[in-house]
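The structure appears below as structure tokens.
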Amino acid sequence: MKRVLLGLGCSLLILSMVSCKGKNNKTDQVISEGELTVTPTITEAIITDMPKETPTPGLIDSVEFSENGMADLSAKLTQDLLTENFEEVYSYLADTVKEQLALPDLEKAFRSTVERIGELVSVTSVKATKTGEYISVDSLVEYTENGLKISYVYNKDCKLEKLWFSYQPIEEEYDKEKIEEIDITIGITNGVTAGEGEFPLDGILTMPKGIKNPPIVILVQGSGQSDMDETIGGTSNKPFRDIARGLASEGIASIRYNKRFYQYMDQATDTMTIYDEVLKDVTYAIQYAKSLTDVNTEKVFVLGHSLGGMLCPKIAADNPEIAGFISLAGSPRKLEDIILDQATEAAENGEVSETEKTLYLDTMKAQSDQIKNLTEENLNEPLLGANGYYWMSLNEIDTPKIVANLTIPMLFMQGEADFQVYPEVDFEMWKELLKGKDNATFQLYEGLNHLFMPTTGVRDISDYSVKSKVDEKVILAIAEWVKEY
């Protein structure tokens, strides 16, 4: 898998490669959805003390490819990262990864990830999961301001095919007298596997207490591989958790769940499509909601943010049983056009040096043009962070045509300070497409950014690293609209 989607969301994907080498240096067969049976096993090791010295390079030379072996190796590599022994970590990268990532890139990625989360406290746990031909390991590290999850994916040569840094915050308390949160599995309905059933996803059903048969809203994330809370930024802001609990306080249930390749990041292939990444699992979530006996199954709504908001019309067309949708910072435009606009603004704002600006923008424009003119010959080529199969599946969706033909209630919401999806372009395009239609409602919020949180005034992703929450008036407006329909 190539790096997935730089445009409408933020994640801390550092390395993401598909091919992996076996013991005989032959390339293993790419894992595909039709061939994989996921049977995870968990091994956990608890680390309570930091080493006093940097681990000796080459300390683990003959580690066994097993859950325990990879947990031990990951514990060592975690200590290497924390003590800035980056050369040792780099030595464990697969050759295909080294071709794409230089040592200074690894150093920069790690340092920029931890610079805003305070002082190191300790490594708390290491968990290994065997999935197919790979072993994934999550190492959790506690800092004073946040938690850090370092995710490793090993091939059979005990080499790293992927390395992923993400934030793992301490869970926030909520009013349990008014709200109940229930762990669920999307893809399994009443104990029966739904659809292909290869990727059951962890999720949470948030229910208002004391409300009989409430309406229910299914939350769909933006691009990138995000968790069920859509956690983002150095302080781990959680817009979907804010929305879910806010809606429950207003008497509305919700479902949120991990994106497929967040939970199964080693299973993303170089033929992945938008159906694999988003659309199939939304349908499973709708099926799950419809199977519940304590909600109003005639009032199942979908709320999509960013890429999820862009896909809301397609989701509605594919699932006509939903009662309506809410698009937060979505767009009817093509994703490659939005990414090109974002790149242009970033370059003009000095995020690219003057000497590199022309080449950078020419490259982005050329790749955007290639996406619009895909052929069978370049489907495997990485373009703007994703493969051709992904772009083809996304661009086969004619959002303007689909949305114009929908008759269900639709709510479009936009932050005025959004620098990723533009209110003067994307939001206005929705309004123009749906002019005169009484089933479409539009709401613009001054001073709110792409996450519908108050902006700090900067137009880059550091705006998301200030601790904040989704503005209450946005949640109240969603609740009022849902209750109306």
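The values are calculated or read from the model by the stated rules, or taken from the named source; none is laboratory data. From a predicted model like this one, the values you see are computed outputs, not experimental measurements. All Cβ positions, even for glycine, are placed from backbone atoms using ideal geometry, and neighbour counts span all protein chains on display. Note: accessible area is taken over every heavy atom of the protein model, side chains too, but ligands, DNA and RNA are not part of it. Shrake-Rupley method; radii C 1.70, N 1.55, O 1.52, S 1.80 Å.
Things to note:
- Here K473 fulfils each of the conditions (1) open to solvent by less than 20 Å² (accessible area, probe 1.4 Å); (2) assigned to a helix (DSSP H, G or I) apart from (1).
- Within region 262-272, one or more residues are over 30 Å from E142 (Cα atoms), part of a loop (DSSP other than H, G, I, E, B) and of a type outside the set (V, I, T).
- Flag for E446 being open to solvent by 60 Å² or more (accessible area, probe 1.4 Å), out of contact with any helix residue (DSSP H, G or I) (no Cβ under 7 Å at 6 or more places or on another chain) and either small (G, A, S) or in contact (Cβ under 8 Å) with a residue 12 or more places away in the chain (or both): yes
- Screening region 79-123 for residues that are assigned to a loop (DSSP other than H, G, I, E, B), without any contact (Cβ under 8 Å) to a residue 40 or more places away in the chain and open to solvent by less than 70 Å² (accessible area, probe 1.4 Å) and picking the one that is farthest from Y167 (Cα to Cα) gives A102.
For (1) in contact with a Phe, Trp or Tyr (Cβ under 7 Å, 6 or more places away or on another chain); (2) at pLDDT below 95, each residue gets a yes or a no:
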{"residue": "A386", "(1), (2)": "no, yes"}
{"residue": "N395", "(1), (2)": "no, yes"}
{"residue": "K401", "(1), (2)": "no, no"}
{"residue": "L406", "(1), (2)": "no, no"}
{"residue": "Q414", "(1), (2)": "yes, no"}
{"residue": "G436", "(1), (2)": "no, yes"}
{"residue": "P454", "(1), (2)": "no, no"}
{"residue": "K473", "(1), (2)": "no, no"}
{"residue": "I478", "(1), (2)": "no, no"}
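- Here the condition is being of a type in the set (D, E), touching a helix residue (DSSP H, G or I) at 6+ places or on another chain (Cβ under 9 Å) and open to solvent by less than 10 Å² (accessible area, probe 1.4 Å); of E356, E348, E336, E321, it holds for E336 alone.
- Residues (over 19 Å from L307 (Cα atoms), within 25 Å of the chain's Cα centre (by Cα), of a type in the set (A, V, I, L, M) and assigned to a loop (DSSP other than H, G, I, E, B)) located in region 353-395: L379
- For region 312-352, taking the residues that are assigned to a helix (DSSP H, G or I) and of a type in the set (V, I, T), the one that is farthest from N296 (Cα to Cα) is identified as T344.
- Condition met for I461 (in contact (Cβ under 8 Å) with a residue 60 or more places away in the chain and either acidic (D, E) or surrounded by fewer than 17 Cβ atoms within 10 Å (Cβ to Cβ) (or both)): yes
- Residue-level analysis places V126 outside the set of residues that are modelled with pLDDT under 95, part of a helix (DSSP H, G or I), buried (at least 18 other Cβ atoms within 10 Å of the Cβ) and of a type in the set (A, V, I, L, M, F, W, C).
- Among (1) over 27 Å from A289 (Cβ atoms); (2) open to solvent by less than 40 Å² (accessible area, probe 1.4 Å) - the single one T206 does not satisfy: (1)
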